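Read the structure below first, then the notes.
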Amino acid sequence: MALFNVRGGAGDITKPDLNARPQDNLYLAVNSEWIEKAKIPSDRSRISSFDGIDLNIEKSLMQDFADFADGKKKLPEVPNFEKAVELYKIANNFDKRNEDGAKPIKADLEEITSLRNLADLNLRAADFYKNAFDLPISISVDADMKDTKVHVVYFGGPGLFLPDTTTYDNPAAADLLKVLQDQSENLLKMAGVSEADAKKYVEDALKFDKKLSKVLKSTEEWADYPAMYNPMSLAEFEAKFDSFKIDNFLTSLFAQKPEKVIVTEPRFLDHVEELINEDNFDEIKGWMVVKFINGVAAYLSQDFREAAFPFSQALSGQPELSSGTKQAYRLANGMFSEVVGVYYGRTYFGAEAKADVEDMIHKMIDVYEKRISENDWLSEDTKKKAIVKLRALILKIGYPEKIEKIYDRLQVTPESEGGSLYSNESAAAVESIKYNLEKLAEPVDRTVWLMPGNLVNACYDPQRNDITFPAAILQKPFYDLKQSRSLNYGGIGVVIAHEISHAFDNNGAKFDEFGNLKNWWTDEDFAEFKKRTQDEIDLFNGIEYGPVTLNGKQIVSENIADQGGLTAAVEANKGENGNMKEVFENFARVWANKQLPESIKTQVSVDVHAPGPERANVQSQCQEEFYKAFDVKPEDGMWLDPEKRVVIW
């Protein structure tokens, strides 16, 4: 029986098949041997090409941190690096952490448990916010999406206990919440709360969380980035509240109250009064207590770390908790991410590689310009504006030249001066909130990087119109100076063009060359673009991947970027008469992935990317050059009829 028109190729893409042919399943033909041999580390829930690089980087940096802490290595001349090492030492001192037990959090836990009623919460809400306690609303300062030179206040709802609103409709939701319930009661009792109080707090918390789950946005809704922009005058915004004294709250947070607020979750705001009121006070308090204890347990003793693991384990399937030393490194790296990234970039990333990657980026931009110029469905007017946007892209490669100001402000108090891991983590969170709130009165700094140099990733920021390629991703299988240009095009070439494509995905297309939310398309062109976007949604919607089914709408922007990225890499390789098989094989290789079923379920519910294996196969199925390179026939598993293939960029 013919297997043609299978989206994602023939067979089960999550299981190895050593006999798979690239004509039937490109991903399995390239990766089956790797899948068979790969072992998921006991403190992770998956292993992939990305994770493999990350593990090696983590291993090198953990060794470096151990040597810096022991004085075997001289501290590098990277600003604030000594603070990261000091935090590592504190986090790695489990004798002290175990001896302290719950002591470091007692005062803060008491702050929340001593709340008497809503009037009391109103009096203390601004202090709670400034001290990094969870509140049933969120406030932050960021660039104005319609004028990216200035900052504005954004308002939305809080986070849920489960990964996404859709998770609550899942039959497994009750089991997951039971794990959280048991874990939270246990943690509270360990922290000195009576059993009766612990039970009551958790029961109330779950009731409030259930109410929130009915009004907060789902991942699919969040995936529509411009839909976050709902500006309101301050008067209009404040009129939505009655029981919660938003006026006093904002007056206490800002030196000068904002004139407008951007509401990211209008539905939540419409329901805010029925959620935050005196009748719900006990539930809100219980929710704050449960959020707090689960958020801070990891900074305490080993007993607390272990007691806080079951819920995360239920969501990911990860067999074991990571070691204490690994946690110490991760906490230091987390708080001082840019600092550690600059150290990594300076130590492990070469100038020759940077120049070569820069050359590839410029090649990709040239290819993109050519493709836009020759595009047969855009008008000349829209093409011109698209090329202006393309040429305005700011490139951030490797690691930043200067470290962001926040790192000068973060201080680490050593144990000899009374510092604990919790007190230092708490102080850093307080300083970060203060730093964010102060931005309201300052212009936007467009030189800030969104990713540190040691992160295996890349990104496009629609509000800055910039693309970032950290040093960490610039290695095998994505990139190697010594491997063929065709292999590099299939790896980092696709990644580069993927990020460029985000400037023209269903979200990026609504922002201009300065990163402002502004329509620069003709109506006819945008109608055609929307039609093609729907084709991309349909292409992935309903594909079965292991235990889940993909939601085409949730993952559409990343799929548009993949489509544009692979097309541009294929075109660049064609221009250099490169080996086309190598491009597709390496594109499949970078998506090698082995993952626990629980982790797949959680990831697919919250991720705006399709699972890597499906990215490899479905996008290749839309490329004419793939069919030529491997001589794919209609009876082969990778065949998709030409009218079913999606091409946008």
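A few remarks follow.
- DSSP beta bridge pairing in the range 136-297, given as percent antiparallel to the nearest 5: 75 percent
- Around M335: net Lys/Arg minus Asp/Glu count, Cβ-Cβ under 14 Å: -3
- Listed residues I105, P41, N80: farthest to the positive end of the dipole of the range 41-113 (Cβ charges): P41
- The three principal axes of the Cα atoms in the range 84-201 give end-to-end lengths of 51, 45, 34 Å, sorted in falling order.
- Projected onto their three principal axes, the Cα atoms of the range 136-297 cover extents of 50, 33, 28 Å, largest first.
- Cα centroid separation, the range 426-452 to the range 149-213 (Å): 28 Å
- Summing charges over neighbours of L315, with a neighbour being any other residue whose Cβ is under 12 Å away from its Cβ, gives -2 when K and R count +1 and D and E count -1.
- For the range 232-313, Kirkwood radius (reciprocal of mean inverse C-alpha pair distance, Å): 15.5 Å
- Modelled FRET efficiency - R0 60 Å, N436 with W377, Cβ distances, 0.05 increments: 0.90
- Within a straight-line Cα-Cα reach of under 18 Å, K189 can be paired with the following aspartates and glutamates, leaving aside sequence neighbours fewer than 8 residues apart in one chain: E99, D100, D108, E110, E111, D197, E203, D204, D303, E306.
- Relative protection proxy for 12-18, 466-472, from highest mean packing down: 466-472, 12-18 (other beta-carbon atoms within 10 angstrom).
- What the Cβ-Cβ distance of E33 and K402 gives, at R0 = 41 Å and to the nearest 0.05, is a FRET efficiency of 0.40.
- Cα-projected label distance for K518 with D12, points at 7 Å along beta-carbon direction, nm: 5.3 nm
- Amide H partners (placed H, <5 Å) of V141, local residues excluded: Y154
- Computed on the Cα atoms alone, the convex hull of the chain gives a volume of 155 cubic angstrom per residue.
- Which listed pairs, of K370/K396; K15/K581; K531/K601, have C-alpha distances above 25 Å, in listed order: K531/K601
- Charge tally in the Cβ shell below 12 Å around A629, where Lys, Arg are +1 and Asp, Glu are -1, A629 excluded: -2
- Summed over qualifying helices (DSSP H, 4 residues or more, each -39500 (n - 2.57)) and divided by its residue number, the chain shows a 222 nm mean residue ellipticity of -15500 deg cm²/dmol.
- 5 angstrom amide H check on A38, placed H, neighbours 5+ away: none
- Stretching A527 away from N248 to a fully extended chain increases their span by 95.9 nm, per 0.36 nm per residue minus the current alpha-carbon distance.
- As a length-normalised measure over Cα pairs under 8 Å and 6 or more apart, the relative contact order of the chain settles at 25 percent.
- Here, the range 386-525 yields an orientationally averaged convex hull projection of 12.4 nm² when only Cα atoms define the hull.
- Relative contact order, whole percent, for the range 136-297 stands at 32, derived from Cα pairs under 8 Å and 6 or more residues apart.
- Summarising the amide proton neighbourhood of G398: residues at separation of 5 or more, or on other chains, whose placed amide H is nearer than 5 Å comprise F469, A471.
- By average C-beta atoms within 10 angstrom, highest first, the peptides 323-330, 504-511: 504-511, 323-330
- Rounded to 5, percent antiparallel among DSSP beta bridges of the chain: 70 percent
- For the pair the range 64-132 and the range 576-649, the centres of their Cα atoms are 44 angstrom apart.
- Table column - 3J(HN,Hα) (Hz), the range 624-640, Karplus curve with 6.51, -1.76, 1.60, x for Gly and Pro: 4, 5, 5, 5, 5, 4, 10, 6, 7, 9, x, 8, 7, x, 8, 6, 10
- Between the C-alpha center of the range 21-54 and that of the range 504-546 there is a gap of 31 Å.
- Cβ-Cβ distance of E110 and I394, R₀ of 60 Å, FRET efficiency by 1/(1 + (r/R0)^6): the value works out to about 0.80.
Bear in mind these aren't lab numbers, they're just calculated from the coordinates by the rules spelled out. Here the structure is a predicted model, which means the values were calculated and not measured. So basically every Cβ, Gly included, is an ideal-geometry build from the backbone, and we count neighbours across all protein chains shown.
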